[in-house]
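This report refers to the structure that appears directly beneath it.
The values are calculated or read from the model by the stated rules, or taken from the named source; none is laboratory data. All values derive from a computational prediction rather than experimental measurement. Because the Cβ atoms are built from the backbone with ideal geometry, glycine has one as well, and the counts that use them run over all protein chains shown. Just so you know, the surface numbers come from the protein's heavy atoms only, side chains and all, with ligands and any DNA or RNA stripped out. Shrake-Rupley method; radii C 1.70, N 1.55, O 1.52, S 1.80 Å.
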Amino acid sequence: MKKKLILDVDTGVDDAQAIMMALAAPNVEILGITCTHGNTPLENVLKNTLRVLKVCNRLDIPVYRGCSEPLMARKRHAGDFHGKDGLGDVPDPDAPGLELLQKETAVQAISNIVKENPGEVTLVATAPLTNLAVAVQLDPSIPKNLKALYIMGGNIESRGNTTVCGEFNFVADSEAAYIVLDRYTCPTYIASWEFSCRNSLPWSFCDMWLAQDTEKARFMEKISRHTREMVQTDRYQKELVDGPGFNTCDTYAAAAAIEGSLVTESEKVAVTVELEGTYTRGMMVLDYMDLLKKTHKVTIMKKVDLEKFKTLLWNALK
């Protein structure tokens, strides 16, 4: 049986890579893609998601409009990283129109798809967690009916990439991250910022990956050009945890959901999210002393099989 996935995205360049990876996996069925604010405003996320599906000839996959702003925090985007439109500011004049979107909202879709497939759906969240937080408040049964939840977000050593101690997805909606980590008691796997840095790939692999003679590779080369130029600057490379490398953050969560044996080292620990600190708002807190008395422990990814990861990435652009 194929693995049934819902992808919750804020489609920038690395979300596009994660979507394409999942589409290329023969053991995966994507039941829907839910969109939210994040890397770029929601309207761009919707357009970008449809562009990715078009280049992969998969416009049959339903796409849903989600939350356009965080629960409480001020809205923020990552235009400097992904381009103002989220996909490198290289628009497609023939991009699909938003009339292709489903009438159902993202929150309704998450609830309905999970109810229709109890115990079978894995939710992969590579965006601020607003859709998931709203969904569980409206339908508290979602976590017990989910097979698993994979999240790209948070940090494990208080190293930030957006604020001093905050990773982008958790900073962009800290209240949502808090709610999700508190109420989603299904098996939960987290690909943190530091984890993605420590499992980055050589730039030489990225060059070969993008040089494949396919429409998908040409699309990816074009939309990621802005990001590649930005991240190879001295300023950005100094922010990386273990030196320079090609770090495609969101694909780690997707890859782990697709291929269970990908993660070779992990640990289980209770977590929460700081909501009040002047410098630490949005930081993920790991409770090694069991002071929170939480029975639900999440799996923190530590290392992956990089050869398997490369294969999944390579196949995404074949």
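Annotations for the structure displayed:
- Share of carbon and sulfur in the accessible area of region 1-111 stands at 52%, probe radius 1.4 Å.
- For region 132-187 and region 33-72, distance of Cα centres in Å: 19 Å
- Under the simplified labelling scheme, the ASP94-LYS75 pair shows an inter-label distance of 3.2 nm, with each label point 7 Å from Cα along Cα→Cβ.
- Three-way shape call for the chain based on the alpha-carbon gyration tensor, with the a/c threshold at 1.5: rounded
- The apolar share of the surface of region 144-267, taken as the fraction of accessible area on carbon and sulfur atoms (1.4 Å probe, ligands and nucleic acids excluded), comes to 47 percent.
- For the chain, the per residue solvent-accessible surface stands at 41 Å², with DNA, RNA and ligands left out and a 1.4 Å probe.
- Cα lying deepest toward the dipole's positive end in the chain, options ALA24, PHE309, SER261, charges on Cβ: SER261
- Remark: region 182-318 is approximated by an ellipsoid whose semi-axes, taken from the C-alpha gyration tensor as √(5λ), come to 31, 19, 12 Å, largest first.
- Per-peptide average of other Cβ atoms within 10 Å, ordering 73-80, 108-115 highest first: 108-115, 73-80
- Pairs from LYS47/LYS302; LYS222/LYS308; LYS115/LYS310 whose Cα-Cα separation, in the structure shown, is over 30 Å: LYS47/LYS302; LYS115/LYS310
- Remark on THR162: its backbone amide H falls under 5 Å from those of PHE168, a criterion applied only to residues 5 or more positions apart or on other chains, H modelled at 1.01 Å from N.
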